[in-house]
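The values are calculated or read from the model by the stated rules, or taken from the named source; none is laboratory data. What you see is a predicted model, and the numbers here were worked out from it, not measured in a lab. FYI the Cβ positions are ideal-geometry reconstructions off the backbone, even for glycines, and counts take in every protein chain you see.
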Protein chains: 2
Amino acid sequence: MNEMTFQIRTEGDSCLYEQIYGHIKGEIRSGKLLSGERLPSTRSLAEYLQVARSTVDCAYGQLLSEGYIESRPYKGYFVCPIEELLQLDSGLSALENRQAAVGAMPGGREEPYRIDFSPYDIDMSGFPFSVWKKITKNILTDANSDLFAKGEGQGDYSLRQTISRYLHSARGVECRPEQIIVGAGNDFLLLLLEKILGRDVRIAMENPTYKRSYRIFRSFAYPIVTVDMDECGMRADRLEQADVRAAYVMPSHQFPMGTVMPIGRRMELLKWADGGSDRYLIEDDYDSEFRFRGKPIPALQASDRHGRVIYMGSFSKAIAPAIRVSFMVLPKPLLEIYERECSFYSCTVSRIDQSILNVFIGEGYFERHLNKMRKIYRGKHELLLECLGELREEFAIAGENAGLHLLLTSKRGIPEGELLERAAGRQVRVYGLSESSVEEASGGAAVLLGFGGLTDEEIREGTALLKEAWL
Amino acid sequence: MNEMTFQIRTEGDSCLYEQIYGHIKGEIRSGKLLSGERLPSTRSLAEYLQVARSTVDCAYGQLLSEGYIESRPYKGYFVCPIEELLQLDSGLSALENRQAAVGAMPGGREEPYRIDFSPYDIDMSGFPFSVWKKITKNILTDANSDLFAKGEGQGDYSLRQTISRYLHSARGVECRPEQIIVGAGNDFLLLLLEKILGRDVRIAMENPTYKRSYRIFRSFAYPIVTVDMDECGMRADRLEQADVRAAYVMPSHQFPMGTVMPIGRRMELLKWADGGSDRYLIEDDYDSEFRFRGKPIPALQASDRHGRVIYMGSFSKAIAPAIRVSFMVLPKPLLEIYERECSFYSCTVSRIDQSILNVFIGEGYFERHLNKMRKIYRGKHELLLECLGELREEFAIAGENAGLHLLLTSKRGIPEGELLERAAGRQVRVYGLSESSVEEASGGAAVLLGFGGLTDEEIREGTALLKEAWL
């Protein structure tokens, strides 16, 4: 290593250790320091740079632990073999740039947002941390080695019993534990469902819809037919002509429109499904727990008399995204296929996590948590409505009954892009409805305002900024 | 409910509470007690049956918690609506019977096995329970709510860094954390890999092979071509004419044959893969940690210079099956496809579990655990070889260098079925090689003896019984 090329800015704002570490790492990654090359000893580099030897030690330690260099006893430090790393660098830089851009503002601005009205965030301050910790501790205390052994592919029977009881009482879902498949997230369960339904299933989706599910079906190469919505949700009368085998719906609270599907439309959907021996409705009940007005509406599955509904639910929204436990309730014909062809797939949730959740639900903590969160979200929901104030004259507001976001449509027809940009100008992030659109940009004038992850103060500040931006 | 039909055998061997519970449950499931029907009050039933009221309370409580009955305030107990349950019963009974049969002996015997030489079991007594508990506790203590938020789709970067360092030092695998996808089990990762590789990938597998992977590829409807093995493993010279795009191999320790692939054959495989722009080797390194003789052999991926190897590993065998953490290292071209088309898939491992594992590996506990287990397994391995004694004259033994099972082939050609049956006659379970065979029954004379899950005493007893059975 040519020590002369190494300059440190002692007056800079990054510390000496970081400068040394960063410099050497850069030299290795750019190929200037080659594999096997010997680095100067920490003593000599410290003398040369006129810094404490411990500073160089720290930098080398970090490089060592990241695998850039290796130490050989009695010989010193050497650059690790990294041919593969170099080859990769070019390919990965695009990825890294893209990741960095995720948080960036429209128009490529680097400024961070002050307030992010994300419809995907939830309030983690309400997480029952001490309860979770206590249950975990008890389970690890009581646990025999059984818990660390392999469990059933569908998930532990006791957890499935608990989920089936919960679904029955909270959502009116009728199912036996045998019908439930527990999995680490909806994505995994959809991958499994693909194996059950088979290839090339023509599937209907609402437009706009939940984009993640759309991407997943597209990754299955399922032909996707979008079916328009009206104020009751997906237009069931369009399904026949759409010639689909399955329809993906969110009857309790459609994302992003917020529509709650009335019983009449539900019956129409079920009638369509009954009209063919191989038709199914995939019900994504993703945030049914959070309904603020009126009584909870039972799941579509609760009205299903002929086994046409595949019910999907998750604890990610209700407890925490990190609780990777979702479940799917299979109707009898699909359960038979699962049993025959897919039951060898291992469960993706560890038995420890299953046990924690089982206790959390079974001992009533989940219900208490939901009641608490419903109250918190109702408060935020009302605060947001109240804070919107004059904006309510300029915007039509939808989705007021449930869930963690509102849908605002400009009555004057200000285009979505302009709404986003003007909000971004005040460092506020709102979400365009077209992001959820399956077809090309809708050219609409609507935005989503999520409030789940915001504090009361942020809701007040954010809406004040939006008024400045939009009025 | 006709109380007169209700007879209890007070002298029977199941307790009163269970009899009452079982009787009512049976009446509901068989449809004799209908939905909505009122049950007698606990007092009147207790009087009628001449048992303590608390006994009836217990039975009702259980039925309540299993969802068979419901209580209505001031009205009593009623049978829950269970039309769907009844419909399901017939369909599910087949499943239940099948599940019950899993543990049954060949020939339909009901007797349990005394000793099970399962090649899939591991020793859970060595699980570092207190360390795991301590780490979990520390993580839940230090944790801010971040840990409960959603993480990166590929898995937390810090865990991927730790895995990449571990793979580099332990397996010679060269990869950046960016190439690693963390997932809850190999099954999930293979589902993801299908999305990356695409449909209808013609794939070569060794025959015999690991049956679970075979079933998974079959569930993808991948055309599977079996390629014969010789003493070096998969015959690379057959790949060209097999006209496949991918080959699934276990070079470190082939399951079930136990073959360790020498460097020459590895090079032949890599050469085959280099011969097409779209050819890949899927390396399943499932139990490379447990090698008892000689130095560890680096992974096939370590010799891969052109990004043709997809490396798969798991902590299920090395730590515990319940630790649902596997990982896959993607070569550059596939990483690009993943990034473009699959990166929206959420990670299936909770961030808490990722953090526990990260500390477990990063702070050296994993290495210590592996050293400990290697010693334990080496001991069992040597004990088994020693205990086989005279059986070594009658059987050829393979797979002596690594892993948790041996392969015994009868020199006198006693057919596999007979070996299994004679062992079962002494209540010992051994595993036929043909179970791992992809094609129809091989008609061979070889069995697998796993020792991972057995105690020393069980190994001694099991081998003594096998001598009685086979000599």
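Here is the figure for region B:20-76: residues that are small (Gly, Ala, Ser) and either at pLDDT 85 or above or more than 44 Å from the chain's Cα centre (by Cα) (or both) total 5. If the condition is being touching a residue at least 60 places away in the same chain (Cβ under 8 Å) and among the acidic types (Asp, Glu), then region B:169-193 contributes B:Glu174, B:Glu178. Scoring B:Asp285 on the criteria (1) more than 14 Å from every other protein chain (Cβ to nearest Cβ); (2) more than 19 Å from B:Leu404 (Cα to Cα) leaves a single failure, condition (2). Among residues that are crowded, with 23+ Cβ neighbours inside 10 Å and assigned to a helix (DSSP H, G or I), B:Ala464 is not included. Considered as a group, the residues in region A:130-147 that are at pLDDT 80 or above and at the interface with chain B (Cβ under 7 Å from one of its Cβ atoms) include one that is surrounded by the most Cβ atoms within 10 Å (Cβ to Cβ), and that residue is A:Thr136.
If the requirement is being at pLDDT below 90, touching a helix residue (DSSP H, G or I) at 6+ places or on another chain (Cβ under 8 Å) and surrounded by fewer than 16 Cβ atoms within 10 Å (Cβ to Cβ), which of these qualifies: B:Glu390, B:Glu400?
Values: B:Glu390 fails: at pLDDT below 90.
None of the others qualify; the one that does is B:Glu400.
The set of residues in region A:138-169 that are touching a Leu at 6+ places or on another chain (Cβ under 8 Å) and farther than 15 Å from A:Val325 by Cα contains only A:Ile139.
Within the set A:Arg266, A:Arg308, A:Arg291, the sole residue that is closer than 26 Å to A:Ile397 by Cα, of a type in the set (Lys, Arg) and in contact with a Pro (Cβ under 8 Å, 6 or more places away or on another chain) turns out to be A:Arg266.
So in region B:151-174, with the set limited to residues that are more than 18 Å from B:Asp285 (Cα to Cα) and touching a Phe, Trp or Tyr at 6+ places or on another chain (Cβ under 8 Å), which one is nearest to the other protein chains (Cβ to nearest Cβ)? Top of the filtered list is B:Gly153.
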